[in-house]
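Working notes for the structure below.
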Amino acid sequence: MFADLHMHSTFSDGRYTPTRLVDENYRVGVRLMALTDHDCVDGVREALEAAKKYHGEMQILAGVELGTECEHRPVHILGYNIDCSNEPLLKTIAWLRDSRENRLYKMIDKLASLGYYIKPEDCASEGKTIGRPHLAKALVKAGYFQGTQEAFDKLLHFGGPAYVPHAKLSPREAVELIHVAKGKAVLAHPTEIANDELALKLLDTIPFDGLEVYHPSARTKERQNVLKVWAIERKLFVTGGTDFHAIEDRFPNKIGIWLVNIDNVKGVLEWK
């Protein structure tokens, strides 16, 4: 059996509905799944409802992914088993979503100054959260690029010509918010921080509960083993997931081609 504790739906910047994510994962043998939309928990109820038809064979964890920043680097933090009705959590993610929308308008203005003309309605999202992936998709649809990754590489990447920073929590604020919502906080894909010294500093100074060891960015067994040692030394739960968005040119682009053995993350079940 397999687990996937990092997935995005149409409620943020993914392209599958929560129901489709549940069904596709069940089909390939995933029996433990977390929906972790960016700054949004609205899809969790649908995922829980979709799992009911499997009569207890599919476990769903209520999750969220909060974007933070530290030392000018993006740091993403996953929350599991959160109370999706927690008022401080809901107020904060509403503020984060508003900041994303304001940021979108600023990036559209930057793109126009560079000769790329996109309208806000071209970036419509089926869910609640609008981000750079929606803008990249609009650029592809308008014929400016062949794929979304090309749009990111040339314009939308951190520090790129059309990049605009937006309001973010600090890592400590995000972890405290997850704890207030009765959840467990996990440092997501530490390899993507691209600075092991900073990642270790965060793990040693902020009360994380877990570390995402298994992730497509940790490409080798050797790297995964390094991260596992980090977790063991700090008595952190090990988690893992695909970070799936269903974007064609972003690996993994299909469910089932990259899987996490459930035995490698079974410690997460102790949180339930």
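The values are calculated or read from the model by the stated rules, or taken from the named source; none is laboratory data. Fair warning: this is a prediction, and the values are worked out from it, not measured in the lab. Cβ atoms come from the backbone with ideal geometry, glycine included; neighbour counts cover every protein chain shown. Protein only, heavy atoms only, side chains kept; ligands, DNA and RNA dropped before computing areas. Shrake-Rupley method; radii C 1.70, N 1.55, O 1.52, S 1.80 Å.
For the ranges 32-39, 186-193, what's the packing order if you count other beta-carbon atoms within 10 Å of each residue, average per peptide, and put the highest first? Don't skip to the end; give the middle numbers.
Details: 32-39: 26.5, 186-193: 23.9.
Ranking the peptides 32-39, 186-193 by packing returns 32-39, 186-193.
Distance check, please: which entries in K119/K254; K110/K154; K119/K154; K182/K221 exceed 22 angstrom between their Cα atoms?
Working: K119/K254 29 Å; K110/K154 13 Å; K119/K154 19 Å; K182/K221 33 Å.
Violating the 22 Å limit, Cα to Cα: K119/K254; K182/K221.
Computed on segment 148-268, with alpha-carbon pairs under 8 angstrom and 6+ residues apart, the relative contact order is 19 percent. Here segment 184-249 exposes an accessible surface that is 53 percent carbon and sulfur, computed with a 1.4 Å probe and the other protein chains kept in place.
Which of the three applies to segment 33-132, rounded, prolate or oblate, going by the alpha-carbon gyration tensor with a ≥ b ≥ c and a/c under 1.5 meaning rounded?
On the way: a/c = 2.60, a/b = 1.83, b/c = 1.42.
In terms of gyration-tensor shape, prolate.
Entry for segment 154-255 at q = 0.23 Å⁻¹: log10 I(q)/I(0) = -1.28, Debye formula applied to identical alpha-carbon scatterers, no solvent contribution. Loop-located GluC sites (Glu not before Pro) in segment 1-107 (DSSP state not H, G, I, E or B) with no more than 10 neighbouring Cβ atoms inside 10 Å: E57. Here each label is just a point 7 Å from Cα along the line to Cβ, and for R45 and L198 those points are 3.7 nm apart.
Could you calculate the contour length gain from R20 to T220, that is, 0.36 nm times the residue separation minus the distance between their Cα atoms, to one decimal place in nm? Write down the numbers at each step before the final one.
Working: separation 200, 0.36 × 200 = 72.00 nm, distance 2.94 nm.
So the extension gain works out to 69.1 nm.
Here the simple spin-label model places points 7 Å from the Cα toward Cβ, and for E173 and L269 these points are separated by 3.8 nm. Put a plus charge on the Cβ of each Lys and Arg, a minus charge on the Cβ of each Asp and Glu, and nothing anywhere else: the dipole of the chain about its Cα centre is then about 220 debye.
How large a share of the accessible area of segment 35-136, in percent, is made up of carbon and sulfur atoms when the probe is 1.4 Å and the other protein chains stay in place? Please report the intermediate quantities before stating the final value.
Numbers: 2340 of 4850 Å².
Carbon and sulfur together cover 48 percent of it.
For C70, the solvent-accessible surface computed with a 1.4 Å probe is close to 30 Å², ligands and nucleic acids excluded.
Of all DSSP beta bridges located in the chain, what percent are antiparallel, nearest 5? Mind dumping the intermediate values first?
On the way: 14 of 31 bridges.
Antiparallel bridges: around 45 percent, rounded to the nearest 5.
With K and R counted +1 and D and E -1, the other residues having a Cβ less than 12 Å from that of I178 yield a net charge of -2. Taking all protein chains into account, the per residue accessible area for the chain stands at 46 Å² (1.4 Å probe).
Over the chain, calculate the relative contact order: mean separation of alpha carbon pairs under 8 Å at least 6 apart, over the residue count, as a percent. Numbers along the way, then the final one.
Working: 516 pairs, mean separation 61.7, N = 272.
Relative CO of the chain lands at 23 percent.
A simple spin-label model places pseudo-atoms 7 Å from Cα toward Cβ; at H72 and K106 they are separated by 1.6 nm.
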